[in-house]
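**Student:** Just dropping this structure here.
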Amino acid sequence: MKTGKNNFTATCIAAVVLCAALLGTAPDAAAAGTPAGTTIVSTVTVDFNFGVVPQSTLSATSSFVVDRLINVTVTNNSNPSAAPNQLNVPLSFRVTNTGNAAQRYALQPLSRPTNTWTMNNVRIFRDDNSSGTLDAGDALYADAGTFGDLVSDASFTVMIVADTPGAAVNGQTAIYDLAATSVDAGMLAVSVQTAGPDTAGIDTVFIDSAGSAGGDVARDGSHSDAGTFTVASSSEVTMNKTVLVLDPSGGNLPVRGATLRYMITATAAGTGTAQNVVVSDPIPANTAYTAGTLRLNGVPLTDTADLPVPDAGDVGATTPDTVTVRLGDLTSASPAQTIIFEVTIQ
Amino acid sequence: MRKIVQIVLAAALLVPAAAWAQQKGGVVIRSVSEVEVKQKNAEGKEEVKRVDATKTKVLPGETVIFTNYYTYSGDKPATNVVIKNPVPDHMIYLDGTAAGAGTRIEFSADKGKTFGTAGKVTVRSADGKERRAAAADYTNIRWTLEKPLNKGAKGSVTFRAKVK
């Protein structure tokens with residue numbers, strides 16, 4: 001008996017490594033443009049003759065300063081699958097400074113309000129070696145200063161790193177947004193857009209796009225992208241059935257009138273939970289069930305359906321001529337479940 | 001923001017004393033950098049207005065209008081008047097934007113060594129091959145006035161470029 005066998009985890013992690021490696025080496029094609037604070041000077045010259053006499057060259061200039069454009073782009077690199085209770089599952093993102101001045105970023109992992117479950121122990125690390133997984137050297141994010149400044153066009157790979165709860169069920173997903181908010185280089189204060197008319201000094205203008213996170217609108221100095229944790233658990237239930245023959249003469253011969261004592265043992269293995277495990281065992285032909293012999297883990301179960309509140313088992317009530325025992329949810333941590341019942345050879 | 005508008009009017013100061021003695025007045029040239037911004041006028045209608053580039057936000061990608069205004073006050077005509085303006089650093093010339101009434105407009109893609117009319121300028125690539133220069137390759141613009149300037153003449157030449 002198998003429930004939800006799923007072995008995608010290994011493949012997914014391999015894909016993450018590849019993705020991160022590619023992004024880590026590829027230079028960004030789009031340049032953020034002339035650095036903020038650059039003075040642009042236009043110089044005009046005029047040559048002419050006064051009558052026939054050449055005159056010295058005249059010149060004039062005008063100049064202006066390029067203002068600060070704030071633009072940040074967050075892109076999701078990986079969508080991991082993780083087993084229940086798996087520690088340090090990485091959800092990888094790339095944060096790129098697409099503005100024209102050095103910036104640092106305040107980072108936030110945001111669980112979507114629509115998530116029905118959340119990851120535990122959610123942290124952010126910088127993936128210093130672009131491995132796509134949490135390594136010893138990766139820096140834990142504390143505040144915008146942790147990862148330092150990113151110059152124009154530069155980027156870093158960061159990971160939301162979290163633990164999968166034990167109760168997570170195969171196939172379940174939880175979406176997290178990584179939000180990056182622009183902070184002035186060397187500071188911890190969030191960058192502020194220059195309001196109103198032009199000011200002395202370098203003005204600041206936000207041109208970021210709207211992000212995936214709720215409320216992350218365009219031109220707010222922040223950007224975000226979403227990634228998904230998917231639970232990929234495997235669970236396998238193993239059954240073992242033995243029979244003990246007890247003949248009327250005290251021996252072990254399967255003769256008419258002899259009792260057959262069946263013992264079924266069920267155990268679960270794997271990373272996940274086998275849900276609602278039900279054991280059904282038809283009464284063998286030419287035998288009759290011996291009333292009152294059904295036991296689960298040594299505890300007697302009634303033979304009837306026991307409606308409206310049934311116990312774990314019945315004989316013939318759920319399915320005619322069949323022993324049915326409901327074992328509920330089993331994990332690898334559950335003790336072996338032992339079912340015993342007896343029949344008589346007719 | 002800093003504003004540097006140098007007006008060099010005193011041509012006389014720069015010319016030899018002999019010329020100075022004969023010359024009364026001269027050429028005045030003035031450079032202006034402007035940006036077009038959308039503003040609401042008194043009636044609440046949106047209109048495009050030119051604003052000095054030092055008095056508005058200029059970001060990468062912005063188009064800047066450079067205009068050079070000249071006046072002439074000499075008592076003899078000024079001849080062979082040539083106005084030159086390198087495309088400023090960090091800027092890309094926008095094709096077809098150079099203008100100036102009564103001028104012949106030429107471009108250079110080699111920092112002013114050679115000039116040609118639009119579309120007839122060549123540039124040497126890194127591999128040594130010569131190809132037709134695109135507007136983005138232009139490094140200098142030259143306006144040659146077709147007629148002498150008489151006393152009291154004034155005019156302007158202009159071009160647009162985009163901040164890289």
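**Student:** Within 14 Å of chain A (Cβ to nearest Cβ), more than 21 Å from A:I40 (Cβ to Cβ) and either polar (S, T, N, Q) or part of a loop (DSSP other than H, G, I, E, B) (or both), is that true of B:K151?
**Tutor:** Numbers: within 14 Å of chain A (Cβ to nearest Cβ): yes; more than 21 Å from A:I40 (Cβ to Cβ): yes; either polar (S, T, N, Q) or part of a loop (DSSP other than H, G, I, E, B) (or both): yes.
So B:K151 fits the description; yes.
**Student:** Taking the stretch B:47-57, which residues are more than 9 Å from chain A (Cβ to nearest Cβ) and surrounded by 10 or more Cβ atoms within 10 Å (Cβ to Cβ)? Reasoning before the result, please.
**Tutor:** In the first step, residues of the stretch B:47-57 are kept if they are more than 9 Å from chain A (Cβ to nearest Cβ); the result is B:47-50.
Answer for the stretch B:47-57, where residues must be more than 9 Å from chain A (Cβ to nearest Cβ) and surrounded by 10 or more Cβ atoms within 10 Å (Cβ to Cβ): B:E47, B:K49, B:R50.
**Student:** Another one. In the stretch A:221-232, is there at least one residue being under 30 Å from A:A167 (Cα atoms), surrounded by fewer than 17 Cβ atoms within 10 Å (Cβ to Cβ) and either of a type in the set (K, R) or touching a Phe, Trp or Tyr at 6+ places or on another chain (Cβ under 6 Å) (or both)? Walk me through how you get there before you give the answer.
**Tutor:** Start the filter on the stretch A:221-232 by keeping residues that are under 30 Å from A:A167 (Cα atoms), which leaves A:224-232.
Now restrict to residues that are surrounded by fewer than 17 Cβ atoms within 10 Å (Cβ to Cβ): A:228.
Filter once more, keeping what is either of a type in the set (K, R) or touching a Phe, Trp or Tyr at 6+ places or on another chain (Cβ under 6 Å) (or both): none.
No, the stretch A:221-232 contains no residue that is under 30 Å from A:A167 (Cα atoms), surrounded by fewer than 17 Cβ atoms within 10 Å (Cβ to Cβ) and either of a type in the set (K, R) or touching a Phe, Trp or Tyr at 6+ places or on another chain (Cβ under 6 Å) (or both).
**Student:** State the number of residues belonging to the stretch A:303-346 that are part of a loop (DSSP other than H, G, I, E, B), crowded, with 17+ Cβ neighbours inside 10 Å and among the β-branched types (V, I, T).
**Tutor:** Total meeting the criteria: 1.
**Student:** Do any strands (runs of 3 or more DSSP E) entirely within the stretch B:38-120 hold 1 or more residues that are in contact (Cβ under 8 Å) with a residue 60 or more places away in the chain and more than 15 Å from A:F64 (Cβ to Cβ), and if so, which? Break it down stepwise before answering.
**Tutor:** Values: elements: B:46-52, B:63-72, B:78-86, B:91-93, B:103-108.
Per the criteria, B:63-72, B:78-86, B:91-93.
**Student:** Related question: Looking only at the stretch B:95-109, decide whether some residue is crowded, with 22+ Cβ neighbours inside 10 Å and facing chain A (nearest Cβ under 8 Å). Working first, answer last.
**Tutor:** First, pick out the residues of the stretch B:95-109 that are crowded, with 22+ Cβ neighbours inside 10 Å: B:98, B:107-109.
From what is left, the residues that are facing chain A (nearest Cβ under 8 Å) are none.
Among the residues of the stretch B:95-109, not one is crowded, with 22+ Cβ neighbours inside 10 Å and facing chain A (nearest Cβ under 8 Å), which makes the answer no.
**Student:** What are the residue pairs meeting all of these: first residue in the stretch A:47-63, first residue farther than 16 Å from B:R142 by Cα and more than 7 Å from chain B (Cβ to nearest Cβ), second residue surrounded by 15 or more Cβ atoms within 10 Å (Cβ to Cβ) and of a type in the set (S, T, N, Q), Cβ atoms under 9 Å, and 6 or more apart or on different chains?
**Tutor:** A:V52/B:T79
**Student:** Right, another one. Identify, please: which residue in the stretch A:169-205 is within 34 Å of the chain's Cα centre (by Cα) and of a type in the set (D, E) and is, among those, surrounded by the fewest Cβ atoms within 10 Å (Cβ to Cβ)?
**Tutor:** Checking each candidate, the answer is A:D184.
**Student:** Take A:I175 and decide whether it is over 14 Å from A:I70 (Cα atoms) and either in contact (Cβ under 8 Å) with a residue 60 or more places away in the chain or among the hydroxyl-bearing types (S, T, Y) (or both). Quick ask: steps written out before the conclusion?
**Tutor:** Working: over 14 Å from A:I70 (Cα atoms): yes; either in contact (Cβ under 8 Å) with a residue 60 or more places away in the chain or among the hydroxyl-bearing types (S, T, Y) (or both): yes.
It is true that A:I175 is over 14 Å from A:I70 (Cα atoms) and either in contact (Cβ under 8 Å) with a residue 60 or more places away in the chain or among the hydroxyl-bearing types (S, T, Y) (or both).
**Student:** From the set of residues in the stretch B:68-94 that are over 16 Å from B:R142 (Cβ atoms) and surrounded by fewer than 16 Cβ atoms within 10 Å (Cβ to Cβ), which is modelled with the lowest pLDDT?
**Tutor:** B:D75
**Student:** Answer yes or no as to whether A:G270 is surrounded by fewer than 19 Cβ atoms within 10 Å (Cβ to Cβ), on the phi > 0 side of the Ramachandran plot and at pLDDT below 95. Give the derivation first.
**Tutor:** Values: surrounded by fewer than 19 Cβ atoms within 10 Å (Cβ to Cβ): no; on the phi > 0 side of the Ramachandran plot: yes; at pLDDT below 95: yes.
Criteria not met by A:G270.
**Student:** Quick check on A:T267: is it outside any loop (DSSP other than H, G, I, E, B) and either without any contact (Cβ under 8 Å) to a residue 60 or more places away in the chain or not acidic (D, E) (or both)? Walk me through how you get there before you give the answer.
**Tutor:** Numbers: outside any loop (DSSP other than H, G, I, E, B): yes; either without any contact (Cβ under 8 Å) to a residue 60 or more places away in the chain or not acidic (D, E) (or both): yes.
So A:T267 fits the description; yes.
**Student:** Next question, about the same structure. Confirm whether A:V169 is farther than 20 Å from A:H223 by Cα and either within 14 Å of chain B (Cβ to nearest Cβ) or touching a helix residue (DSSP H, G or I) at 6+ places or on another chain (Cβ under 6 Å) (or both).
**Tutor:** Numbers: farther than 20 Å from A:H223 by Cα: yes; either within 14 Å of chain B (Cβ to nearest Cβ) or touching a helix residue (DSSP H, G or I) at 6+ places or on another chain (Cβ under 6 Å) (or both): no.
No, not satisfied.
**Student:** Consider A:D208 carefully, then state whether it is within 29 Å of A:T114 (Cβ to Cβ) and more than 16 Å from the chain's Cα centre (by Cα).
**Tutor:** On the way: within 29 Å of A:T114 (Cβ to Cβ): yes; more than 16 Å from the chain's Cα centre (by Cα): yes.
Here the answer is yes, as A:D208 does meet what is asked.
**Student:** Any idea which of A:G272, A:G196, A:G251 is out of contact with any Cys (no Cβ under 6 Å at 6 or more places or on another chain), of a type outside the set (A, V, I, L, M), without any contact (Cβ under 8 Å) to a residue 24 or more places away in the chain and away from chain B (no Cβ under 14 Å)?
**Tutor:** Step by step, each of A:G272, A:G196, A:G251 is checked, and only A:G251 is out of contact with any Cys (no Cβ under 6 Å at 6 or more places or on another chain), of a type outside the set (A, V, I, L, M), without any contact (Cβ under 8 Å) to a residue 24 or more places away in the chain and away from chain B (no Cβ under 14 Å).
The values are calculated or read from the model by the stated rules, or taken from the named source; none is laboratory data. The structure displayed is predicted, hence computed values, not measured ones. Neighbour counts are summed over all protein chains in view; Cβ atoms, including those assigned to glycine, are modelled from backbone coordinates with ideal geometry.
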